[in-house]
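Following: one structure in structure tokens, then a few remarks.
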Amino acid sequence: MRYPTKYDSFVGLEIHVQLTTESKIFCGCRNRFGDEPNTNVCPVCMGLPGSLPSLNQEAMSKAYLVAKALHCDLADTCLFERKNYFYPDLPKNYQISQFAKPLGTNGWIDIVVDGVTKRVRIHECHLEEDAGKMIHAGDMSLVDYNRTGTPLLEIVTEPDLNLGEEAEILIHELRRIVRYLGVSDGNMDEGSMRCDANVSVNTKGAGLGRKVEVKNLNSSRFVRLSLNYEIDRQTEILEDGGTVVQETRLWNENRDQTIVMRSKENANDYRYFPEPDLPPFRTTPEFLADLETRIVELPLDRRVRLVSTLGISQTQAEVIGEEKANADYFEKVLEYGADGPTVATWMTGDVQKLLNRTGQSAAESPLTPERFAELLTLMAEGKIHGKIAKTILELVFEKNKNPRVIMAEQGLEQMNDSGELAKLVSQVLVDNPVAVEQIKAGDTKPMGFLMGQVMKASGGRAEPGMVQKMLKEHLG
Amino acid sequence: MTQQINWKETLADGGQKAYIAEVKKRDALVGSFLEFDPPRGKMARPQAEVQTTEELAGIPFAIKDNIALRNFKLTCGSKMLAHFVSPYSATAVEKILAAGGIPVGKTNMDEFGMGSSTDTSALGTTSNPWDLTKVAGGSSGGSAAAVAAGLVPFALGTDTGGSVRQPANFCGVYGLKPTYGAVSRYGLVAYASSLETIGVVAREIPYLEKVFNTIRDQDEKDNTTADWRDFSDPKEGEVTKIGVLTGSLGLDPGVAEAYAQVRQELLALGYEIVEMQLPMLDYAVPAYYTIATAEASANLARFNGIRYGHRPVYSENPEELVQKSRDEGFGAEVKLRILLGTYVLRSGFQDQFYLRAQKIRTALVRDFDKVFSQVDGFLLPVFPTQAFSHGDGGLDPFQQKVADKFTTTANLTGLPALAIPTGVSGGLPTGVQFMAPAFCEDRLFGLARRLKSNLTLGEPPEFPALYAGQEGRS
């Protein structure tokens, strides 16, 4: 129930992305999800008295890399600040974050909504440390500090989105970007990508309305559902002549609705001030040059290029371009001279099926790009036809050998010697007099049957075109 | 124990028992140590691997109880951390261990370094070895008293607003506050991160210098450290021109007399004296307390009773646990400063307080740039009074803060400063301090050495020196 003609809705996102670094942002502890609670901790990330943060340069590089991919202005000097609030999962009771001088500002990300490209402005990107995890068990509260100090990049968009669907698309696109860059797994299930949203609704043309923040959106689906719920809720309030209360709400996934968390009056004063333990970070020419070597073609650009220059379908491009490794694999196959649409068809079809069955990625499977191209070459040369190609493909996975070798070993090369084929055809005609009579009487139906008999006699290897022609010559 | 023996022998197998007995006897009066355990201190590093050639081999030393030493408590003089045992050692401590030094214990201090008397400690009272009715100063009062009472040749302290220099001054020993960034703060429990450094208290200049040279270094665990090798003193430690702070300084008679005397001695030693005033000096204390308390409000937030530290017997929920822990664990002065710091950082009030204080700090830095473009060293008092009495007879907390104006300048500017004992007046030590440009500590040692030959320092009558250093005490 939306009123598209009467109201505008505005959505801005704050997306937190955990960066995959060897160690945490301010200490040497391992940065890894799923370990035994409180095993990846040290005096620094436990906030023991006397410990100090020491900046992990790799986290900085990865954060700048994302900001660059999001077309941000990269700060030549950025500053860490302390964000002060008490919470048991925050060991120091302040979070080292960025406030006045974030590392990236004024960027944008393109998303495709219903086939139309939409540009969403990025307000800023800043780097901070993640908190621990609190678990409530009965009358106990437990804290796991393994996550404490995981480098967390916060990406803040301008309120350029209008619907939950767009927000969901943006999150998917961002997930692709961070995965393409190799800086995060972007996994919302495991919390390595998390999202808060700001929503406001106002009379059409009147600009932003009163902002409501929605938290606890731990899947892209919840982002869509909660935003659309909020837009409807706020629209209804306005329809009834009311005013939206500026507040923070939580998504309740069991009831599919947002509920009040706190009003603006109870908002925290974080008392930001510059982190005295960390000097300002200054980029150097070497640092920036290193970013240049690490930047990659963005997933959306790549999908567009695959469609426009290689002539594959939009859907194929989406499947192939979802993961960088897959798209790289695809283009690698093409480097061996294979034809784009053919490779795409095989890759999204039979190859994908085999990969799913074996649980491998294309890059790590026995089907190297070279073997893939060879298989297609065998077809193009007329040495095998489609059905045999599928058999050989399976054998490549099974035996980890080149298609040409398998074809030779298994005797799968196509029969296109007309003498041999003629013998087979004659024999089939002799063996099936009834069918032959029917055809001669004008009923062409058993033609397919005879065709099948010849193929069967040849072990599937007979070149179907030639067989057909011969049968016609004999019976036509 | 009538005969002076070498410090190196105090912890040798033959001497340890006598040493421990003597320290216990003396410290029963002074109260400098919160924890004293030389045998455990020896285990900080396998003594078998210590080479006799190491710079501080076998030398006992004390550590202020806000600097981490593994397997020793790290109480910061607070009930909050009364039972906290550190699982790691500070970088500065590691460096002294690597040079052969043996930590014998942890010394008393004002709670979390907040005070100028050591009387805000929740865990014990430290008295001045020169007069047990007087305070030892603070916040590194335990370290200064331990050195003055002859219990150790040197001790580590920390200086946030004068906390090494003022107690050293009260106890008649040397107190060095190094350049900010010269010594790693890793393992120093933070009070005001941008102001404080680990410093050294010693009865003899060679120890002061040796220890400083041992602990200074860039540390990957403290991103605010710098490599001192990158900052060579253009004067190579030489000083010819000395600026002297003049104007109405508000000094007690004994202090004023000593200050004038040092000025005369400097002239006699052939130094050129330049009288100077610091326009920003009156703003130093308010700026200092604004910045220090702001940082403290965040630094002390980690003490919430959840992972370690004082914890109430019972609490309903995590929020109450945190509240009760902090209410019961912190003393009045600490609570006052946390509240003050929280206040000055409130959104909408930062311009008025925190940012303004930072501007004063910048102006003070410029003042000193100007000073050191004209002179090589700068003389100023340490504290307006000599050691004051315990309790109500002394200075109240507000008077103590106002009196920090001479010491806080070095912390606000990050410059090195050395408190030098100059003699005795009315039975209590007097002293002055010198400041130098960043990373020019050598100038301070040189000045101290030259002045020493013209001064009669004496020692606390009840606590004559027990042991001699390698160089002996003149």
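Quick notes on this one:
- Cα centroid separation - region B:257-319 against region A:338-376, whole Å: 69 Å
- Amide H contacts of B:Glu35 (H built 1.01 Å from N, in plane; Pro and chain starts excluded): B:Lys106 sit under 5 Å, all sequence-distant by 5 or more or on other chains.
- Sites A:Arg357 and A:Asn400, calculated FRET efficiency, Cβ-Cβ separation with R0 22 Å, nearest 0.05: 0.90
- When each of the peptides B:90-101, B:172-183, A:179-190 is scored by the mean number of other C-beta atoms lying within 10 Å of its residues, the order from highest to lowest reads B:172-183, B:90-101, A:179-190.
- Quarter of Cα convex hull surface for the protein assembly as shown, i.e. mean projection, nm²: 53.8 nm²
- Arranged from fewest to most other beta-carbon atoms within 10 Å of their beta carbon, B:Cys76, B:Cys171, A:Cys29, A:Cys42 become A:Cys42, A:Cys29, B:Cys76, B:Cys171.
- Relative pair counts by distance (%), Cα atoms of region A:308-440, 10 Å bins: 11, 37, 25, 14, 11, 2
- FRET efficiency for B:Thr53 and A:Met134, using Cβ-Cβ distance with R0 set to 56 Å, rounded to 0.05: 0.60
- Computed from backbone phi with θ = phi - 60° and the Karplus coefficients 6.51, -1.76 and 1.60, the 3J(HN,Hα) list for region B:142-155 is x, 5, 5, 5, 4, 6, 5, 7, x, 7, 8, x, 8, 8 Hz; x is used for glycine and proline.
- Using the alpha carbons alone, the radius of gyration of region A:370-439 stands to its Kirkwood radius in an Rg to Rh ratio of 1.16.
- Rounded, prolate or oblate (a/c below 1.5 giving rounded, otherwise prolate when a/b exceeds b/c) for chain B by Cα gyration tensor: rounded
- Gap separating the Cα centres of region B:73-92 and region B:182-235, nearest whole Å: 20 Å
- Within chain B, helix-based [θ] at 222 nm, where runs of 4 or more DSSP H residues each add -39,500 (n - 2.57), nearest 500: -10500 deg cm²/dmol
- For region A:184-232, averaging the sequence separation of C-alpha pairs within contact (under 8 Å, six or more residues apart) and dividing by the residue count gives a relative contact order of 36 percent.
- Residue exposure proxy: A:Leu48, A:Leu395, ordered by other Cβ atoms within 10 angstrom of their Cβ from fewest to most, comes out as A:Leu395, A:Leu48.
- Centre-to-centre separation between the Cα atoms of region B:430-448 and those of region A:25-68: 39 Å.
- Per-pair calculated FRET efficiency, R0 = 41 Å: B:Phe398 and B:Asn71 via Cβ, rounded to 0.05: 0.55
- Judged by the mean number of other Cβ atoms found within 10 Å, the most tightly packed of the peptides B:330-340, A:15-25 leads the ranking A:15-25, B:330-340.
- In this structure, the amide hydrogen of A:Gly28, modeled 1.01 Å from its nitrogen in the peptide plane, lies closer than 5 angstrom to no residue at least 5 positions away or on a different chain.
- In order along region A:288-303, the phi-based Karplus estimate (6.51 cos²θ - 1.76 cosθ + 1.60, θ = phi - 60°) of 3J(HN,Hα) comes to 5, 5, 5, 4, 4, 6, 9, 6, 10, 4, 6, x, 5, 4, 5, 4 Hz; Gly and Pro are listed as x.
- Chain A, relative contact order [Cα under 8 Å, separation at least 6], %: 14 percent
- The helix-only estimate of mean residue ellipticity at 222 nm for chain A, built from DSSP H runs of length n ≥ 4 each weighted as -39500 (n - 2.57), is -12000 deg cm²/dmol after division by the residue total.
- Inter-chain Cβ neighbour count for B:178-188, averaged per residue, equals 2 (cutoff 10 Å, partner chain atoms only).
- Spacing of the two label points (7 Å from each Cα toward its C-beta) at B:Asn213 and A:Asp189, in nm: 6.2 nm
- Peptide B:296-304, shielding by other chains (average Cβ, 10 Å cutoff): 6
- Label point 7 Å beyond Cα of B:Leu355 along Cβ direction - residues of region B:285-299 with amide nitrogen under 16 Å: B:291
- Ranked list, fewest to most other Cβ atoms within 10 Å of each Cβ, for B:Thr197, A:Thr358: A:Thr358, B:Thr197
- Charged side chains reduced to their Cβ positions (Lys and Arg at +1, Asp and Glu at -1) give region A:7-288 a dipole of some 380 debye around its Cα centre.
Read-outs: derived from the displayed coordinates by stated rules, not from any lab. Bear in mind that the values here come from a model prediction, so they are computed numbers and not experimental data. In this analysis, Cβ positions are derived from the backbone assuming ideal geometry, glycine residues included, and neighbour counts consider all displayed protein chains.
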